[in-house]
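See below for the structure under consideration.
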Amino acid sequence: MNRRQWMALGAGAVAMPLSEAQQPPRQAAPKQPPAAQAGLPLEQFQPKSMLHVPETHVPRARFPLLDFHTHITFSNSPGKIQYLMQPANCLAVMDRKNIRVMADLTAGYGDGLRDAVAKLSQAHPGRFVVFTEPAWTKASDPDYPKSQAALIEESHKAGAKGLKVLKNLGLFLRENGTGKLVRIDDRRFDPMWEAVGALKMPVAIHISDPEAFFLPIDRFNERWEELHAHPDWSFYGKDFPSDRELQEARRTVMRRHPRTQFVCLHTANSENLAYVSECLDSHPNMHVDIAARIGELGRQPRMSRKFFDKYQDRIVFGTDASSDPNTPQQTFGDALYEIYYRFLETEDEYFDYSPAPVPPQGRWRIYGIGLPEQVLRKVYWENAARLLGLSS
Ligand SMILES: [Zn+2]
């Protein structure tokens, strides 16, 4: 009998009626949960933190904000969109959470774009801005450089406030659909980058992905569980460029088009803030959002806090919110925003970066960075408002 078993029996004896307690101690093995005897599958492990630390509930942002990165609509065929979220539902959450404006980035172009502008920014003045996207299916057409620049002008007239570039560029877009991957810094896009610059439309550009997505899916991969659940998210092997090659190609674009403002989504390269700082220092037209990366920023809180202090004029608030329940770190709703506010506004320690029973991107927790009021105002509103030409 070990000490723990002995103490368990002792505790039982105290509560037992005397007649029973006088009997000799029973020798039956104490019950143990099966997990303590056999191994525990990783997916069943849901440890509860035993830290007694402050838990601040932040139901509303301290200042009105602009969510620079959401997907209310999605364009899955040329010129068409579907609504992933209904504007009325968005507005209800926005009012509760102190979100003044939501930017819908994926509204495509043509009729789909016009529909999104009508149902979002025109129907609810001052609450939504809508971005356009390039006509990727035409990228191998001989007249693409000119026609894409013309499409930007048309989209701007239709009410688009910015241009969104998904990570298809660099990872999926191939010559004539199936040929070589088209480079991010391919010259055919130069007229497009210039056109948006001239029209003062910022570019919301997602390039690359978490660094672990470019590494083997093995026991050393910090996103093993996420990649195991979504093996198609891996860009390891085949003819994929490395994360750094993609990042450097985007830098070439920013260098060539200094009058165009680029917002590098997902903090550009959130695992490597030293590299992002080097990029920000060398490209004055570069900005970043923090969408879907508080899991990275929040586990390096001291580094992040310095980063926010130094680049407080070039960071915008964003969440990458959409309706997809499979990515709880991005599912639009009250719980999502409360975590972002807690990260930015408090110094709470060791909390979940996503409203999910198991952290979906990796088994780590985050720490708040308690931004001062002046920095918070810039990140929540002023920087994005300036980029989009909105008045306060
Ligand atoms: Zn996104």
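Whole-Hz Karplus values for the range 151-160 come out as 5, 4, 4, 5, 5, 4, 4, 6, x, 6 Hz, taken residue by residue from phi with 6.51 cos²θ - 1.76 cosθ + 1.60 and θ = phi - 60°; glycine and proline positions read x.
Label-to-label distance, A335 versus S323, with points set 7 angstrom from Cα along the beta-carbon direction: 1.8 nm. Using the Cβ-Cβ distance between S77 and L40 with R0 set to 51 Å, the FRET efficiency works out to roughly 0.65.
Hey, which of these cross-link pairs are over 20 Å Cα-Cα: K138/K167; K164/K200; K80/K157; K119/K200; K138/K164? Beyond 20 Å: K119/K200. Sorting the segments 335-346, 295-306, 159-170, 270-281 by their residues' average number of neighbouring beta-carbon atoms within 10 angstrom, most packed first, yields 159-170, 335-346, 295-306, 270-281.
Largest first, the extents of the alpha carbon coordinates of the chain on the three principal axes equal 95, 47, 39 Å. Taking Lys and Arg as +1 and Asp and Glu as -1, the other residues whose beta-carbon sits under 12 Å from that of F128 total +2. In the range 250-339, the inverse of the mean reciprocal separation of distinct Cα atoms equals 13.9 Å; this is its Kirkwood hydrodynamic radius. Rounded to the nearest whole Hz, the Karplus-based 3J(HN,Hα) values (6.51 cos²θ - 1.76 cosθ + 1.60, θ = phi - 60°) of the range 166-175 follow the sequence 6, 6, 3, 5, x, 10, 10, 5, 10, 4, with x at glycine and proline. The residues V203, V58, when put in order of fewest to most other Cβ atoms within 10 Å, stand as V58, V203.
A Förster distance of 22 Å, applied to the separation of the beta-carbon atoms of R219 and E349, puts the FRET efficiency at 0.20.
In the range 84-140, one over the average inverse separation of all distinct C-alpha pairs is 12.1 Å, which is the Kirkwood hydrodynamic radius. Of all trypsin sites (Lys or Arg not before Pro) in the range 173-230, which ones are in loop regions per DSSP and have a Cβ with at most 11 other Cβ atoms within 10 Å? When the trypsin sites (Lys or Arg not before Pro) of the range 173-230 are filtered for loop state and at most 11 Cβ neighbours within 10 Å, K180, R219 remain. Axis of helix 87-97 versus longest Cα principal axis of the chain: the two differ by about 60°, to the nearest ten degrees. Extension gain for A274-M303 works out to 9.5 nm (0.36 nm per residue, less the C-alpha to C-alpha distance). The calculated 222 nm mean residue ellipticity attributable to helices in the chain amounts to -9500 deg cm²/dmol, summing -39500 (n - 2.57) over DSSP H runs of n ≥ 4 and dividing by all residues.
Across V379, V53, V182, mean-square fluctuation computed from a Gaussian network of the chain (C-alpha pairs under 10 Å connected) peaks at V53. Reported to the nearest whole Å, the Cα centre-to-centre distance from the range 134-180 to the range 71-90 is 19. Considering only L246, L40, L215, the Gaussian network model of the chain with Cα springs below 10 Å gives its largest mean-square fluctuation to L40. Computed from phi, the 3J(HN,Hα) profile of the range 49-59 under the Karplus parametrisation 6.51, -1.76, 1.60 (θ = phi - 60°) reads 5, 9, 6, 9, 10, x, 10, 9, 8, 10, x Hz, with x in place of Gly and Pro. Springs join every pair of Cα atoms under 10 Å in this Gaussian network model of the chain, and among E175, E43, E133 the largest mean-square fluctuation is at E43.
Backbone N atoms of the range 153-170 closer than 14 Å to the 7 Å Cα→Cβ label point of L390 belong to residues 161-162.
With the highest mean first, a sort of the peptides 231-238, 72-79 on other beta-carbon atoms found within 10 angstrom per residue produces 72-79, 231-238. A cut-off of 5 Å between modelled amide H atoms, ignoring neighbours fewer than 5 places along the same chain, links D348 with G368. When only Cα pairs below 8 angstrom with a gap of at least 6 residues are kept, the range 65-388 shows a relative contact order of 16 percent.
Where a number appears in this text, it was derived from the coordinates with a stated rule and is not lab data. Predicted model, so just to flag it, every value in this text is computed and none were measured. Every residue, glycine as well, gets a Cβ built from its backbone with ideal geometry; the counts of neighbours run over all protein chains shown.
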